[in-house]
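Each remark here refers to the structure printed beneath this line.
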Amino acid sequence: MRKLRRLLRPLKDPRADNSRHALADIVIIALAATLAGAKSCTEFEFFGRGREELLREFLELKHGIPSHD
């Protein structure tokens, strides 16, 4: 996962400067959730909340799991 995070680091973040969650964290959660069968942002959030402890082992998640918004 650290390698994936390193690969995502150069991505330009198109969001506003006041974004609370790291783009790499969001992409990694979405990718893992998709591999587990999630198909929507709501399901990505549900996946993340159910595995928050595990995800914190390799993601910063300074402000918790990103919401589906």
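Helical runs assigned H by DSSP (4 residues or longer) give the chain a calculated mean residue ellipticity at 222 nm of -13500 deg cm²/dmol, each run adding -39500 (n - 2.57) before division by the residue total. Distant-in-sequence amide contacts of Leu59, defined by a placed amide H-H separation under 5 Å and a gap of 5 or more residues or a different chain, comprise nothing.
Each label was represented as a point 7 Å from its Cα along the Cα-to-Cβ direction; for Glu60 and Ala16 these points are 2.0 nm apart.
From Cα pairs below 8 angstrom and at least 6 apart in sequence, can you work out the relative contact order of the chain, rounded to a whole percent?
Details: 44 pairs, mean separation 23.9, N = 69.
Relative contact order here is 35 percent.
Each label point was placed 7 Å from the Cα along the Cα-to-Cβ direction; for Arg49 and Arg2 their separation is 3.2 nm. Computed over all pairs of different Cα atoms, the Kirkwood value for the hydrodynamic radius of the chain is 12.3 Å.
FYI, it's all coordinate maths here, none of it is from the lab. Fair warning: this is a prediction, and the values are worked out from it, not measured in the lab. Every residue, glycine as well, gets a Cβ built from its backbone with ideal geometry; the counts of neighbours run over all protein chains shown.
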